[in-house]
1. When both residues are 6+ apart or on different chains and their Cβ atoms are under 7 Å apart, which pairs have a first residue that lies in segment 251-272 and is at positive phi and crowded, with 17+ Cβ neighbours inside 10 Å, and a second that is assigned to a helix (DSSP H, G or I) and of a type outside the set (Lys, Arg)?
2. List pairs: first residue in segment 86-105 and at positive phi, second residue open to solvent by 20 Å² or more (accessible area, probe 1.4 Å) anywhere in the structure, Cβ distance under 8 angstrom, at least six positions apart or on different chains.
3. Looking at (1) farther than 27 Å from ALA225 by Cβ; (2) open to solvent by 20 Å² or more (accessible area, probe 1.4 Å); (3) within 16 Å of the chain's Cα centre (by Cα), can you tell me which one GLN192 breaks?
4. Looking only at segment 109-120, filter to residues that are under 12 Å from ASN70 (Cβ atoms) and not in a loop (DSSP other than H, G, I, E, B); which one of those is most open to solvent (accessible area, probe 1.4 Å)?
5. Pick from LEU145, LEU177, LEU228: which is outside any helix (DSSP H, G or I), at pLDDT 85 or above and either in contact with a strand residue (DSSP E or B) (Cβ under 8 Å, 6 or more places away or on another chain) or closer than 23 Å to PHE107 by Cα (or both)?
6. Of the residues that make up segment 204-223, is at least one of a type outside the set (Val, Ile, Thr), out of contact with any Lys or Arg (no Cβ under 6 Å at 6 or more places or on another chain), open to solvent by 30 Å² or more (accessible area, probe 1.4 Å) and not in a helix (DSSP H, G or I)?
7. Kindly check whether there is at least one residue in segment 171-182 that is without any contact (Cβ under 8 Å) to a residue 24 or more places away in the chain and open to solvent by less than 30 Å² (accessible area, probe 1.4 Å).
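The values are calculated or read from the model by the stated rules, or taken from the named source; none is laboratory data. The structure displayed is predicted, hence computed values, not measured ones. Neighbour counts are summed over all protein chains in view; Cβ atoms, including those assigned to glycine, are modelled from backbone coordinates with ideal geometry. Please note that ligands, DNA and RNA were not included when accessible areas were found on the heavy atoms of the full protein model with its side chains. Shrake-Rupley method; radii C 1.70, N 1.55, O 1.52, S 1.80 Å.
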Amino acid sequence: MSKKDDVPAYTASAPAGPSRNDILDRYGLTADDKEAEMRRWEEAQAQRLAPSQAGAEGSMRVPLLDLSPNPDNPRRSLLDSDLDGLRESVAELGVVQALTVVTREAFLRHHPQHAEVQLRRYVVIAGHRRWKAAVAAGRDDAPVLISDEAAANPLMWAVAENLQRVGLNPMEQAQALRELTDPPPNGRGLAQGVVARGIGKSQGFVSQRITLLRLVPELQQQMLAGDLKLKRGLLLAKLPAEEQVEAATALQRLAPPLQADIDGGRLTDIHEALGLGEEPSPAGASVDAVPAVRSPRQRAPQRHIRLGDPEQMADDLTRALAPAELERLARLLIERSAAAITQ
């Protein structure tokens, strides 16, 4: 039996304590979300990119007229309304976070197809909005970090810099990764493993964030606003789009301890979570209580399991359960019966 078999499964009545993910991490069984390594990488990136580093190699101020946009930047145009707030900030304080740029020579060495483009002395890799806002605000120059190594894969570099920004929420991270993983012409069509290596994250991190893009726009907006937590959003993203909003409402009606289990990653089965809202009310509960909202799957007729004859039970269970559920049930029955024999 492996160590993973020692990890307890979720139960609604489980006592407070470390979550399943906590225990898996403790055993070293999780290849995804290596948070400690991510934090070290992000801190190193932030230190390297910080404009306040006095004398940092490649750090300088350059005239805005010496800067060209990356010809491959997927966001080729920015509306004035997108820059209003940033333009006001830049007009007041200047560009606070340095732009990442490469020299024209380095860019063309890696991208000779743009030899006919009239590029200026430097090409902006990360910070197009800051550069546009500085131009709109009438600024003359901006701080830059010259990193010619970024010329090999400008978009990957820009996304990596964007992801290490403090305060970027999971939905914003997902939207940044969309540019790399979406198929052309909207994206680059890169495999998640390639993107993970390129931005210094685990493949699990990339896969998890990409999953959030399955949420309907209403729930994506809630996550952008900070009203929908990551673990809950990932659960809802497993459902068909037409079920997600109704299911989100149902989860909000669960008891606070259950909601904490969802947001803490201890309750990871969306259908189990929704089913907990359908349990009968205790004796004496108000008849006027608002019933929990059910997903379409849970409104389906319930199949009855007739106890008594094992063959009849097997037939009922085969009709009622999915193949994966039957396999899990069979394993559990074997384990429980073996335990009973050895006692």
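1. From segment 251-272, the pairs are GLY265/ASN21.
2. GLY94/ARG139
3. So the condition that GLN192 fails would be (1).
4. Checked segment 109-120; the qualifying residue most open to solvent (accessible area, probe 1.4 Å) is HIS110.
5. Values: LEU177 fails: outside any helix (DSSP H, G or I); LEU228 fails: either in contact with a strand residue (DSSP E or B) (Cβ under 8 Å, 6 or more places away or on another chain) or closer than 23 Å to PHE107 by Cα (or both).
Testing whether each residue is outside any helix (DSSP H, G or I), at pLDDT 85 or above and either in contact with a strand residue (DSSP E or B) (Cβ under 8 Å, 6 or more places away or on another chain) or closer than 23 Å to PHE107 by Cα (or both) leaves just LEU145.
6. Within segment 204-223 (the criterion being of a type outside the set (Val, Ile, Thr), out of contact with any Lys or Arg (no Cβ under 6 Å at 6 or more places or on another chain), open to solvent by 30 Å² or more (accessible area, probe 1.4 Å) and not in a helix (DSSP H, G or I)), the answer is no, since none of the residues qualifies.
7. Pass one, segment 171-182, residues without any contact (Cβ under 8 Å) to a residue 24 or more places away in the chain: 176, 182.
Retained after the next criterion (residues that are open to solvent by less than 30 Å² (accessible area, probe 1.4 Å)): 176.
The answer is yes; a qualifying residue exists.
Here's the yes/no breakdown for (1) over 22 Å from ALA176 (Cα atoms); (2) modelled with pLDDT of 90 or more; (3) touching a strand residue (DSSP E or B) at 6+ places or on another chain (Cβ under 7 Å):
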| site | (1), (2), (3) |
| --- | --- |
| SER52 | yes, no, no |
| GLU57 | yes, no, no |
| MET60 | yes, no, yes |
| SER68 | no, yes, yes |
| ARG76 | no, no, no |
| LEU79 | no, no, no |
| VAL95 | no, no, yes |
| VAL124 | no, yes, yes |
| ASP141 | yes, yes, yes |
